[in-house]
Structure formats: C-alpha cells, structure tokens
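Single-structure report; data block below.
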Amino acid sequence: MAVTLVRHTRPEVAEGVCYGRSDLALAAGFEADCGAVIAGLAPPVAVVSSPLRRCRILAERICAVFGVALHVSEDFSEMDFGTWEGRRWDAIGRPALDAWAADFFGYGGHGGETVEMLRDRVARGLQALPDGALVVTHAGVIKAALALRGDVDGWEYRPAFGAVVRL
C-alpha cells in the first residue's frame, strides 16, 4: 500500500521544548512553508490529519488544492508526553530521561503514552487508510510508521518540518 506522510510545518514554540499533544499555533512563515510542501505533493485519494491545529491547517490547504475531503483521526496525533508537555527537555531531568531510554517502549513515568501505545495506535491508523492516502502528522508518528514498515533506523529518523515520507 502506498501512503504519504507529511510532517506539519514549524510550530510557534521555543527550541528544546517537549510539546507532543500541545495544540500549538504555527510559526511565522507558514504560508511559504505550506506552499512549498503542497508544490511537492502528488494528488492524494484521501487526506487524513491529526486533530492538532498544526496539522489540520496544512491538511485543510492540501484538501482545498486537490479537491479532497479532510478526515481527522486521533490515530495520527503526536505522542502524549503527560507531565513533560510544555517543559524544556533539559529541565525534565537526566534520571527521567535515562529511565525512558532504559525502557524505550514501556516507559510511562511522565503519565502520558508509552512508545508502545503510540506504535500500536499508528499501526491501527495505517491499517485503516486507503491506498494513495496522505496523512498530515507528527515526527513521532512518522518514526513509528517507519519502524512498523521494518526500517531498522525508524525510531532514529528526524523528519524536518514539512518533510514528506512515502511508505
């Protein structure tokens, strides 16, 4: 099955802040970034978006250009980082980050989702997509999708804002 994943454009947030499920506005320059992303896309048969504003706005623009209806799915939301949301990564503390690294898939000490929960949610979402769908989503979702595809470096991949990944 051919699916295109698009990471949202840059949100309005300081560098180094953990913002998984935080519903952020888009940074200045969104119009140009959006145009550049859309210019590189093939017409999709369906467009699905994370419910978070930073994805939905880009997805709505894509739908308008290609004349496709928008579908919103929680399955393509970013990971919920619980109490880490809105905190600087360097303020979270080395012990907590080390505990996450020691149990990458199962750690839930922040009170949010585990990586395993994210992976399973993304798998469910991908299974429901039609061939030729385009999904506007987040870095964590893209990493999970690559890992599910069997990419051994999937969890290490760092998609840029506006990156387009074809599965």
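The values are calculated or read from the model by the stated rules, or taken from the named source; none is laboratory data. Computed from a predicted structure; not experimentally measured. As a convention, Cβ positions derive from the backbone with ideal geometry for all residues, glycine included, and neighbour counts pool all protein chains shown.
In segment 61-115, which residues are charged (D, E, K, R) and surrounded by 15 or more Cβ atoms within 10 Å (Cβ to Cβ)?
61, 75, 78, 80, 85, 87, 113
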Q | Members of segment 148-167 found to be hydrophobic (A, V, I, L, M, F, W, C) and touching a residue at least 40 places away in the same chain (Cβ under 8 Å), listed by number | A | 155, 160, 161, 163, 164, 165, 167
Q. In segment 23-34, is there at least one residue being more than 13 Å from residue 137 (Cβ to Cβ), without any contact (Cβ under 8 Å) to a residue 60 or more places away in the chain, in contact with a Phe, Trp or Tyr (Cβ under 8 Å, 6 or more places away or on another chain) and assigned to a loop (DSSP other than H, G, I, E, B)?
A. no
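Okay, residues lined up against (1) in contact with an Asp or Glu (Cβ under 7 Å, 6 or more places away or on another chain); (2) at pLDDT below 95:
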{"position": "1", "(1), (2)": "yes, yes"}
{"position": "5", "(1), (2)": "no, no"}
{"position": "17", "(1), (2)": "no, no"}
{"position": "31", "(1), (2)": "no, yes"}
{"position": "42", "(1), (2)": "no, no"}
{"position": "51", "(1), (2)": "yes, no"}
{"position": "61", "(1), (2)": "no, no"}
Q. Are any of the residues in segment 7-15 in contact (Cβ under 8 Å) with a residue 40 or more places away in the chain, of a type in the set (Lys, Arg) and outside any loop (DSSP other than H, G, I, E, B)?
A. yes
Q. Scanning segment 35-60 for residues that are within 17 Å of the chain's Cα centre (by Cα) and not in a helix (DSSP H, G or I), which turns out surrounded by the fewest Cβ atoms within 10 Å (Cβ to Cβ)?
A. 51
